[in-house]
1. If you take the residues of region 67-92 that are of a type in the set (D, E, K, R) and under 27 Å from residue 1 (Cα atoms), which of them is surrounded by the most Cβ atoms within 10 Å (Cβ to Cβ)?
2. Going through 21, 25 one at a time, which residue ends up being part of a helix (DSSP H, G or I), of a type outside the set (A, V, I, L, M, F, W, C) and within 18 Å of residue 97 (Cα to Cα)?
3. Can you run down the residue pairs with Cβ atoms below 7 Å, 6 or more apart or on separate chains, where the first is in region 52-75 and within 14 Å of residue 14 (Cα to Cα) and of a type in the set (Phe, Trp, Tyr) and the partner is surrounded by fewer than 17 Cβ atoms within 10 Å (Cβ to Cβ) and at pLDDT 95 or above?
4. Looking at (1) without any contact (Cβ under 8 Å) to a residue 40 or more places away in the chain; (2) touching a helix residue (DSSP H, G or I) at 6+ places or on another chain (Cβ under 6 Å); (3) closer than 17 Å to residue 82 by Cα, find the lone condition where residue 48 falls short.
5. Quick one: would you say residue 16 is of a type outside the set (Ser, Thr, Tyr) and under 16 Å from residue 98 (Cβ atoms)?
6. Test residue 50 against the stated conditions and say whether it is part of a helix (DSSP H, G or I) and exposed (fewer than 15 other Cβ atoms within 10 Å of the Cβ).
7. Does at least one position in region 29-39 carry a residue that is aromatic (Phe, Trp, Tyr), free of Cβ contacts under 8 Å to residues at least 60 places away in the same chain and closer than 23 Å to residue 4 by Cα?
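The values are calculated or read from the model by the stated rules, or taken from the named source; none is laboratory data. Predicted, not measured: the structure shown is a model, and the values here were computed from it. We place every Cβ from the backbone using ideal geometry, glycine too, and count neighbours over all the protein chains shown.
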Amino acid sequence: MSKIITSPVPKFAGTVTLSDPLTYPQVIAYERAVAAVRESATTLAEMHQAMLPGLFACVEAWNLAGLPDPVTPENFPATPRVASTKLVSWLVSEVAGLYGESEEIPNA
């Protein structure tokens, strides 16, 4: 199953398809990215760059305007800064939501 999310960033209009549920390799990649941010990222750009591998592990398809084809963590746009920051922040929020669901224990 997949989850299609719509970008709130006009510069990068379109959709992203996320895996849902996340697999163990995807969760591990996401957790490693979060750990890398905590351990060594000191600037916003470093934080975003550190998160990209974890985000990319959870994405099945990119359908966003303004991205290279194919898009990779190495060629992901860092500018324009405001649009790029909003895009990465949105993706982090969406993936964190999927990850957080796996942390919730249902009521019995």
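1. 86
2. Answer to the selection: 25.
3. Filtered contacts from region 52-75: 62/71.
4. With respect to (1) without any contact (Cβ under 8 Å) to a residue 40 or more places away in the chain; (2) touching a helix residue (DSSP H, G or I) at 6+ places or on another chain (Cβ under 6 Å); (3) closer than 17 Å to residue 82 by Cα, residue 48 is out only on (1).
5. It is true that residue 16 is of a type outside the set (Ser, Thr, Tyr) and under 16 Å from residue 98 (Cβ atoms).
6. When the stated conditions are applied, residue 50 does not pass them.
7. no
Conditions tested, residue by residue: (1) of a type outside the set (A, V, I, L, M); (2) more than 13 Å from residue 89 (Cα to Cα); (3) in contact with a strand residue (DSSP E or B) (Cβ under 8 Å, 6 or more places away or on another chain); (4) buried (at least 16 other Cβ atoms within 10 Å of the Cβ).
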position	(1), (2), (3), (4)
31	yes, yes, no, no
55	no, no, no, yes
61	no, yes, yes, no
65	no, yes, yes, no
